[in-house]
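Working notes, structure below.
The values are calculated or read from the model by the stated rules, or taken from the named source; none is laboratory data. Bear in mind that the values here come from a model prediction, so they are computed numbers and not experimental data. A quick note on method: Cβ atoms are made from the backbone with ideal geometry, for glycine too, and the neighbour counts reach across all protein chains shown.
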Amino acid sequence: MMEQIWSMLSDPNMQWIFLGCTLLGLSSGVIGCFSYLRKQSLMGDTLAHAALPGICIAFMLTGIKSIGLFLIGAGIAGVVATFGIGYITRNSKLKQDAAMGIVLSGFFGLGIVLLTLIQHGDYGNQAGLDKFLFGQAASMIASDVITMTVVCVSLITICTLLFKQFKIISFDPGFARGLGYPVAFLEQLLMLLIVVAVVAGIQAVGVVLVAALLITPAVSARYWTDRLGLMVVLSGIFGAVSGAIGTWISASVSNLPTGPVTVLAATLLFCISILFGPQRGLVAKRLLRQRVKQRFHQDNERLLEGNVKKEAAL
Amino acid sequence: MSQSPNAIRTATKAIAPLSIKGLSVAYQKKPVLRNVSFEVNEGELIGVIGPNGAGKSTLMKAALGLIPSIGGEVLVYGKPYKQQRKMIGYVPQRESVDWDFPTNALDVVLMGRYGHLGWFRRPSAKDKALALECLSKVGMADYAERQISQLSGGQQQRVFLARALAQDAKLYFMDEPFAGVDAATEKAIITLLQELKLQGKTVIVVHHDLATVQDYFDSVLLLNVELQAFGPTEQTFTQEQLQRTYGGRLAFLDRSLQSPSRHDGVGE
């Protein structure tokens, strides 16, 4: 086992992939905080599923399996999906969750149909397209990893620079608008960053599960702190650890797909958080309740004893 | 131009903190605010009164440009509000945000400074000192580091007020600051309003409790989709005007005026 780890870490190609996936987890964790706090946890999931038909169409139009092209296709599909959700929410009585459910499943259905068409059609070199469903970090080549790294570093930079803005539009968009902040623009920008994070992660983690990297680390981080700054940092760390563990296990154990392993790692971190978080964790809450109960009974007994003594004295 | 006393008064008067002309707002097809025009005097506390759905919050949000209007003009100290944002402070309804947000009271108050900061600048030590001062003005200095979900409703309201104070504005809009607060908070708010008034600031407050209107406000604005009346409290806050604004839906108005036939019949 240890030999496998060493051999993996000494392979320069693998080192790059390892770095890329760690950064991916980090940036997804950071952006995920804002989408979670804005109650848009499902947005990332919708965008990821919407990316599949975009990728398929990009491949069908060009016949080339190029990551750059796929990213463009996925990006366009993501934008169309976002507008679709916005349009449905604005022009019908449907709430956003219903609109997202419809758009998500519609786009994903279309994606699967197109994927099947491609696999049964004359598209020559279609092998590996199915890897986009569950992700295969090991299949990435140097240029993919470099693209991913650049994207992730930019995402983190933007979030750091606009932290104040993202914080206030997440907490109180009405007040932010009153201050004169371009709230609509900032909301669109945040959405765009989510699309970019999702698309960047698709090859490594796959469309089905990439959204978990946005949601799970953010929710886990919330259990450890009441400060947004720390929450963003923790969420980034949780995401990075998940990405690293996912890549490592998937590469060293009989070519498991990366996505599910990464998500399992993130979920494990979530379970630890929900149990052992210092204030909100289930264990902490239990202990607190017991302590309160004990103190109440102690005080009560003392009170009763006092009353008895008083009565005896009378 | 005739030299009526009114014209002379207008000519010598300072520019109004808020001047609204013909403001109209519609959600879907139904107008919720029709042709509202008024001008407020500097240094006054103004109560906005009206029944539910009369457009009180809408008036406030439209004046602040938070929701689109279908017509009308809003001038703050003689200029469009977009150029005067730093002069305007805003206290939204408490229920408009999620109080489980990971932040503490001081941090929320600091948000009031964001309008004075550059795009990428972080709040400085000076901003923090000022925010803390605003918190202590509403009696919340001891709660600065407290996570906001652990505050009571009244305390949360006071944090919102402190944030508006930190904006250091000249014209304040407050959307139902007295709604569902404890007596201590109500007292803290009214003391604060008086203090703002002494500093020559103008405060417009959406208010629900008719019993306290005469004690709290210099002027009242009665609203029910259209402007019903606006002026000094003692002349405007009358039984007759209230009757008109509320359309006989007031509990303390003379019930005998309502004929039983006005109620929907039960059964045929």
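Side notes on the structure shown:
- For segment B:62-95, taking the residues that are in contact (Cβ under 8 Å) with a residue 60 or more places away in the chain and in a helix (DSSP H, G or I), the one that is nearest to the other protein chains (Cβ to nearest Cβ) is identified as B:K86.
- Meets criteria (assigned to a loop (DSSP other than H, G, I, E, B) and among the polar types (S, T, N, Q)) for B:S57: no
- Any hit, segment B:183-204, residues being crowded, with 18+ Cβ neighbours inside 10 Å, in contact (Cβ under 8 Å) with a residue 40 or more places away in the chain and within 14 Å of another protein chain (Cβ to nearest Cβ): yes
- Just one residue in the set A:I194, A:I249, A:I272 is within 17 Å of the chain's Cα centre (by Cα) and in the same structural domain as A:G111 (by TED's automatic domain parsing); that residue is A:I194.
- Every condition in (1) modelled with pLDDT of 85 or more; (2) touching a Phe, Trp or Tyr at 6+ places or on another chain (Cβ under 7 Å) is met by A:L213 except one, and the failing one is (2).
- A single entry from B:A211, B:A179, B:A141 fulfils the requirement of being over 29 Å from B:D107 (Cα atoms) and surrounded by fewer than 17 Cβ atoms within 10 Å (Cβ to Cβ): B:A211.
- Among the residues making up segment B:96-131, those that are at the interface with chain A (Cβ under 9 Å from one of its Cβ atoms) and buried (at least 16 other Cβ atoms within 10 Å of the Cβ) are B:V97, B:F101, B:P102, B:T103, B:N104, B:D107, B:V108, B:M111, B:G112, B:Y114, B:G115, B:P123.
- B:L171 vs. criteria under 20 Å from B:L45 (Cβ atoms), crowded, with 19+ Cβ neighbours inside 10 Å and either among the basic types (K, R) or more than 14 Å from every other protein chain (Cβ to nearest Cβ) (or both): no
- Those residues of segment A:150-172 which are of a type in the set (S, T, Y) and either within 8 Å of another protein chain (Cβ to nearest Cβ) or surrounded by 19 or more Cβ atoms within 10 Å (Cβ to Cβ) (or both), in sequence order: A:S170
- Scan of segment A:275-314 for residues that are more than 31 Å from the chain's Cα centre (by Cα) and surrounded by 12 or more Cβ atoms within 10 Å (Cβ to Cβ), ordered by number: none
- Scan of segment A:236-256 for residues that are outside any helix (DSSP H, G or I) and crowded, with 21+ Cβ neighbours inside 10 Å, ordered by number: none
- Segment B:96-138 - residue that is part of a loop (DSSP other than H, G, I, E, B) and of a type in the set (F, W, Y) and, of those, nearest to B:A179 (Cα to Cα): B:W99
- Those residues of segment B:21-60 which are buried (at least 21 other Cβ atoms within 10 Å of the Cβ) and without any contact (Cβ under 8 Å) to a residue 60 or more places away in the chain, in sequence order: B:L23, B:V25, B:T58
- The criterion of being closer than 20 Å to A:I76 by Cα and either aliphatic (A, V, I, L, M) or in contact with a Leu (Cβ under 7 Å, 6 or more places away or on another chain) (or both) does not hold for A:A218.
- If you check A:V263, A:V233, A:V241 for being within 30 Å of B:L106 (Cα to Cα) and modelled with pLDDT of 85 or more, only one passes: A:V233.
- Matching option when the condition is crowded, with 22+ Cβ neighbours inside 10 Å, over 20 Å from the mean Cα position of the chain (by Cα) and farther than 30 Å from B:Y27 by Cβ, among A:G25, A:G73: A:G73
- Matching residues, segment A:127-149, being surrounded by fewer than 19 Cβ atoms within 10 Å (Cβ to Cβ), polar (S, T, N, Q) and modelled with pLDDT under 80: A:S139, A:S143
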